[in-house]
Amino acid sequence: MSNYTADNIQVLEGLEAVRKRPAMYVQGGTGIDGYHQLLTEIIDNAIDECLAGFANTVEVILNKDGSATVTDNGRGIPVDMMKKEGKPAIEIIFTILHAGGKFDSNAYKVSGGLHGVGSSVVNALSTWLDVEVKRDGIIYHIRFERGVVVSPLSQIGSYEGSENGTKVTFMPDQTIFKEIRGFDTNRMRRRLKELAYLTGGVKIVFEDNRHSEPVREVFHEEGGVAAFAASLASDGKKLYEEALRVYGTSDEIEVDIGMIHTSGYGQTVLNYANMITNRDGGTPLTGFKTSYTRVLNNYAKKNNVIKKGDPIPTGEDFLEGIFCVISVKLGDPQFESQAKVKLLNPEAQSATQSVVYEKLTEILEENPKIAKTIIEKAANAARAREAARKARELVRRANPLENDELPGKLADCQSEDPSLSEIYIVEGDSAGGSAKQGRERRFQAILPLRGKILNVEKAQLGKILKNAEIRAMVAAIGAGIEGTGEENSHFNIEDVRYHRIIIMTDADVDGSHIRALLLTFFYRYMRPLVDAGYLYIAQPPLYGVRFGREKTLTYVYNEENLKELLRDNRGRKYEIQRFKGLGEMNPEQLWETTMNPETRVLKRVNIADVLDTNETLEMLMGSEVPPRREFIEDNAHLAQLDL
């Protein structure tokens, strides 16, 4: 007889389910992303009041005790009784999932809230949460602890004037977020600055009171998304002075796009729906690309900008060097998931397509110099792409099998199951030799690279595709490459031959540089690998320490661990071996320290912040020297001299 009965069935009351399974309700679970998502949810509620036209100021404060406070001067959360529930609306909003004003189009025509879980989930995952509401001259207060009301709604005072508003203060629960020790100032500053651009006029005040000297900053960006695009391109050489703004409304969907073109070769397009970052774009991005390419091609044809005999630029050619921010506001956003990485509304595509076609056509007609500059840049990209294609065709004709063969220096693994297979991209033939001898050939492949690969942030696509080391990586991984602009040229994650792609470089300055070049390439041309969690960085040891007459080495991975090890073994004789290169380790040592799945340390590469990642790559790897010099000067004191 089965022992699975009704007694095994649990019914979780109220917000218990959220506390038991946080990852089901908050993006990032109990990690650093989930911790910050709590504050983001409360901030988004305040911003929604601004979008609805009832507030113009939001204040975010990080308090000394670790809590956070968000205040807005909007309407104030409703405090009147809900007849059916027999409780005040404010209590329902903070204790019942899928309850809130976001479902009523009369309350919020535009909001980032989709499922009505934001406030209640924050409440459930907080040790305590306090709310003060100012409405019609009366100040109300309610307090919760771990999602349960401990101080029912009451009137605590009065005020003069007509300004209403809401103030929410909460303390994330350390029994749930065990490894997190506070909000990251830089992370919050970036999000608030982003919101200031996207709202185009809302005043956002940020205070960090956790240090001896409080920090206060005001974000107020009247220039909106055009100013946002210009700020993204601040380190690049702009092809014209002022960023372009494409703005309009179609079928009650507001489309606001800022763009500027630079002399660079990459493309940065950020997507937002109701102020929410859509990392993977979605329907508005599709609509933008369709009309953007069509408008530019129409203008080029009408005004004979493309020379006779030159290749016609593709959409990717027109996007070369662009910095663009796409922001749409709509009444009923439908996202791919609670993480909101992609907007799915088909009407958002139609609206974006319509607005871009009409407004961009007008902008180009009124600014012929800018139109010609953009198209000539794309024409150069098209010529470079065509030259690269012809070069590849010559190679294919010389060796018809090359297109189907794996690179000769690849030592492939025996497994044909990608989920079980991994490839080490190794710096140098010497380290590659040790890795080939030390590996477990059943599932580990080795691809040695010769020297430093091309910096793709500074190079045109034609040059990138001719680079032998890049071609070897593309062939070995087997999934193609993004952003070539050619027909049938794309990256297909299903064709990836290894689900662990591991960058293994020396633990020195040159190794760090090679690692940065590789990460830049993967981010710009194989980003789906990063998004899928397939890209890793190996952590070879810096030192091997032998105490007394011990035969085995104790491996140490950083300076701090070395000091701690020697402190713990004070009084013992020891020898220290410094591993400046992977080639200095024999195959057994390399396996034991860096390649053995049982003992190795791998760092998975992920993108915490697309905006920050783009800015960092542009600054550190781009063609503009001054910002890089400034960064080096500001951080030189942190560097360690490796003699």
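The numbers here are math on the coordinates, done by the rules we state, and not lab data. All figures in this text were calculated on a predicted structure; none of them were measured in a lab. Note: ideal-geometry Cβ built from the backbone for every residue, glycine included; neighbour counts use all protein chains shown.
Things worth noting here:
- Peptides ranked, highest mean first, by Cβ atoms within 10 Å: ranges 244-253, 209-218: 244-253, 209-218
- At 1.567 mPa s and 4 °C, Stokes diffusion of the stretch 278-366 via Kirkwood alpha-carbon radius, µm² per second: 90
- Computed [θ] at 222 nm, deg cm²/dmol, the chain (DSSP H ≥ 4; -39,500 (n - 2.57); rounded to nearest 500): -11000 deg cm²/dmol
- Shown here are the Rg and Dmax of the Cα trace of the chain, at 28.1, 85 Å.
- Antiparallel DSSP beta bridges within the stretch 224-390, percent to nearest 5: 75
- Here the chain carries DSSP beta bridges of which approximately 75% are antiparallel, counting only pairs with both residues inside.
- Prolate is the label for the stretch 495-590, because a/c, from the alpha-carbon gyration tensor with a ≥ b ≥ c as root eigenvalues, is 1.5 or above and a/b exceeds b/c.
- Mean separation of Cα pairs under 8 Å and 6 or more residues apart, divided by the residue count, gives the chain a relative contact order of 9 percent.
- The tail of the calculated P(r) for the stretch 16-219, taken as Cα-Cα distances beyond 27 Å, holds 26 percent of the pairs.
- Bridgeable lysines around LYS573 (alpha carbons under 30 Å apart, same-chain partners fewer than 8 residues away excluded): LYS551, LYS563.
- Pairs beyond 21 Å (Cα-Cα), from LYS134/LYS193; LYS329/LYS369; LYS237/LYS458: LYS134/LYS193; LYS329/LYS369
- Computed over the stretch 224-390, relative contact order equals 32 percent, with contacts defined as Cα pairs under 8 Å that lie 6+ residues apart.
- Rg over Rh for the stretch 224-390 works out to 0.98, both radii taken from alpha-carbon positions and Rh defined as the Kirkwood radius.
- What separates the Cα centres of the stretch 542-564 and the stretch 45-90 is a distance of 55 Å.
- Each peptide in 462-471, 597-606 was scored by the mean count of other Cβ atoms within 10 Å over its residues; highest first, the order is 462-471, 597-606.
- Summed side-chain charge close to ASP72 - residues other than ASP72 whose Cβ falls under 14 Å, Lys, Arg +1, Asp, Glu -1: -2
- Peptides 272-281, 304-313, 41-50, 504-513 ordered by average Cβ neighbours within 10 Å, highest first: 41-50, 272-281, 504-513, 304-313
- Trypsin sites (Lys or Arg not before Pro) lying in DSSP loop within the stretch 62-93, provided at most 14 other Cβ fall within 10 Å: LYS64, LYS83, LYS84
- Size estimate for the stretch 163-221 follows the Kirkwood approach: the inverse of mean 1/r over distinct Cα pairs works out to 13.6 Å.
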